[in-house]
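To start, the structure under review is shown below, and the notes come after it.
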Amino acid sequence: MEQIVGHRASYLPPAFDCVLEDGTVYPSSEYGWLNGLAVTCAVACALLAAGTRCVTRRRTTRQVRVPEPETSG
């Protein structure tokens, strides 16, 4: 009977695999939820980065805007 000696994670595609004593690797069914968690965290990070960029751009646009000079007439 082979023993699990470790785990291996891959980023593309997201996977979490078990490593046996002889070096063979097989997909882990017990840790499948980690794949979903990794994808969820990546999407959340991308959305937060996009939101931060939009807010920063909006603030910069407000600061650069200069009122038009009044015309006397």
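The values are calculated or read from the model by the stated rules, or taken from the named source; none is laboratory data. Since we're looking at a predicted model, the values are computed, not measured. When we count neighbours, we look across all protein chains shown, and the Cβ atoms used for this are built from the backbone with ideal geometry, even at glycine. SASA here: full protein model, heavy atoms, side chains in, ligands and nucleic acids out. Shrake-Rupley method; radii C 1.70, N 1.55, O 1.52, S 1.80 Å.
Each Cα pair under 8 Å and six or more residues apart adds its separation to the average, and for the chain the resulting relative contact order is 18 percent. Sparse packing (at most 15 other Cβ atoms within 10 Å of the Cβ) combined with a DSSP loop state is found for the following trypsin sites (Lys or Arg not before Pro) in region 1-69: R65. Per residue, the solvent-accessible area of the chain (1.4 Å probe, heavy atoms of protein chains only, all protein chains present) comes to 90 Å².
Phi angles across region 41-51 convert, under the Karplus curve 6.51 cos²θ - 1.76 cosθ + 1.60 with θ = phi - 60°, into 3J(HN,Hα) values of 5, 5, 5, 4, 5, 5, 5, 5, 5, 5, x Hz, Gly and Pro given as x.
Over the chain, what lengths in whole Å, largest first, do the semi-axes of the equivalent ellipsoid take, defined as the square roots of 5 times the eigenvalues of the alpha-carbon gyration tensor?
On the way: eigenvalues 625, 16, 8 Å².
Equivalent ellipsoid semi-axes, largest first: 56, 9, 6 Å.
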